[in-house]
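Taking it in order: structure first as structure tokens, then the write-up.
The values are calculated or read from the model by the stated rules, or taken from the named source; none is laboratory data. It should be emphasised that the depicted structure is a prediction, and the values quoted were computed from it without experimental measurement. No Cβ is skipped: glycine too gets one built from the backbone with ideal geometry, and neighbour counts run over all protein chains shown. Only protein heavy atoms, including side chains, enter the accessible area calculation; ligands, DNA and RNA are left aside. Shrake-Rupley method; radii C 1.70, N 1.55, O 1.52, S 1.80 Å.
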Amino acid sequence: NKRLRDALFDIARDIEKGGVMSASMTHYPRIFSESQTGMIRSGEASGQLQNILKQLALEVEKSAAIKRKVKGAMMYPAFIILVMISVLSGMMIFVVPKIAEVFTESGKELPILTKIVIKISYFMSDHWGLLFGALAGFIIACIFARRTRQGKYTTDWLLLHLPLIGSLVQKSILARFSRSLGSLLNSGVPIIQGLQINARGLGNEIYRKRVELAVEDLSRGIPLGESLRDTPEFPGMMVQMIAIGEQTAQLDNVAVKIAEYYEDEVDTAVAGLSKVIEPLILVIVGLAVGIIVAAIMLPIVQLSQLGGSM
């Protein structure tokens, strides 16, 4: 990776000139996150940089694995749905209108289902440019909305409440939060600073705001477990474990255990999601194609029966 290679050479030159590694890394925020820079800064101060780097490597590997699994679980149904929409749209725009002309010329009364499908087909074929433009406009609007704080908050809320997928997204966020918090605390970063860094690195506005509220509570002397209690973003079991970790001064180790638990949960959810979505998509595709085929076949059967009776 050319960008990473150039950054590493620049960091090496800074160190040769007497600079500090963590300070040089801050010049490349798109490569090194704030939590990574903070952990290395703590390792430099404590003389434990080697151990911190090993710990950081493990965190990055785990985080990358979680993201890859979630993306993989979401890409498959998205691709299948895109293909399904393309095929059905092609049938409605190019195939059904030609068959509808034959039915119209026969002069016979068509079934209700056939009339509905033909009307939808004519609308799509007459306004396909408008429909395509509306779809493109919606996608562009979503992209721009993600660049605003309120738009990102809304889309993140919707993502967390999607059927099937929302639970998987929540578990992946909790796994990343716990893994990062445990790593930061293990490296000697104070808990308030660790939570501030963690909040900005979660990539979800709902959880960012909730963690920032917890930071405010901590600064007023309210324990983290008590601050997170009775919140929909953090399950009760996780909150109880955090409270126990605080009481026993083992929050760093407890956070790592929580991360391992939710990483296993993500694995299980991904496997279950693929088993549920595949038959569900097949049923939806079958119903859509079945409706179109039935709308086409009903008039044909009527015409053949009429011809047979004559």
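Think of a 1.4 Å ball rolled over the protein heavy atoms: segment 30-108 then has 62 Å² of accessible area per residue. For segment 195-310, the Cβ-based charge dipole about the Cα centre amounts to some 460 debye (Lys, Arg positive; Asp, Glu negative; other atoms uncharged).
Partners of Lys98 within straight-line reach, counting lysines whose Cα lies under 20 Å from its Cα and excluding those fewer than 8 residues away in the same chain: Lys108, Lys115, Lys119. Plainly put, segment 47-179 has a radius of gyration that is 1.23 times its Kirkwood radius, both from alpha-carbon atoms, as the Rg/Rh ratio.
In segment 52-154, Cα pairs under 8 Å separated by at least six residues give a relative contact order of 23 percent.
Charged neighbours of Pro77, selected by a Cβ distance under 15 Å, balance to +2 (K, R count +1; D, E count -1).
Heavy atoms of the protein chains alone define the surface here; on that basis segment 162-240 has 40 Å² accessible area per residue at 1.4 Å probe size. The Cα-based radius of gyration of the chain, divided by its Kirkwood radius, gives an Rg/Rh of 1.17.
Overall, segment 85-166 carries a charge dipole of about 420 debye about its Cα centre when +1 sits on the Cβ of Lys and Arg and -1 on the Cβ of Asp and Glu, all other atoms neutral. Note on the chain: GNM, Cα springs under 10 Å; of Tyr262, Tyr76, Tyr207, the largest mean-square fluctuation is that of Tyr76. Among Met241, Met91, Met25, the largest mean-square fluctuation in a Gaussian network model of the chain (Cα springs under 10 Å) belongs to Met91.
Estimated from helices alone, the mean residue ellipticity of the chain at 222 nm is -28000 deg cm²/dmol (sum of -39500 (n - 2.57) over DSSP H runs with n ≥ 4, per residue).
If only the Cβ of Lys and Arg carry +1 and only the Cβ of Asp and Glu carry -1, the dipole of the chain around its Cα centre is close to 600 debye. Once all protein chains are placed together, Ser274 keeps about 50 Å² accessible to a 1.4 angstrom probe. Straight-line cross-link partners of Lys257 among the lysines, defined as a Cα under 23 Å from its Cα and at least 8 positions apart when in the same chain: Lys54, Lys62, Lys67, Lys69, Lys171. Take each uninterrupted DSSP H stretch in the chain, measure its Cα extent along the helix axis, and return the ones at 24 Å or beyond whose mean Kyte-Doolittle hydropathy is at least 1.6. Membrane-span-like by this criterion, though nothing is claimed about a membrane: 128-145. For the chain, set up a GNM with springs between Cα atoms under 10 Å and report which of Asn204, Asn51, Asn253 has the largest fluctuation. Among Asn204, Asn51, Asn253, the largest GNM mean-square fluctuation belongs to Asn51. In the complete set of protein chains, residue-level accessible area for Glu109 is approximately 130 Å², probe 1.4 angstrom.
Restricting segment 199-249 to trypsin sites (Lys or Arg not before Pro) that sit in a DSSP loop and have at most 16 other Cβ atoms within 10 Å of their own Cβ leaves Arg220, Arg229. If the segment from Val276 to Leu130 were pulled out straight at 0.36 nm per residue, it would be longer than the present Cα-Cα gap by 49.1 nm. Roughly speaking, to the nearest percent, how much of the chain's 1.4 Å accessible area is carbon and sulfur? It is 65 percent, rounded to a whole number. Between Ile112 and Ile143, the modelled label-to-label distance comes to 4.3 nm, taking each label 7 Å out from Cα in the direction of the beta carbon. The label-point distance for Tyr76 and Glu216, in a model that sets each label 7 Å from Cα toward Cβ, rounds to 4.2 nm. D by Stokes-Einstein for segment 200-305, Kirkwood Rh over Cα pairs, 25 °C, 0.890 mPa s: 135 µm²/s.
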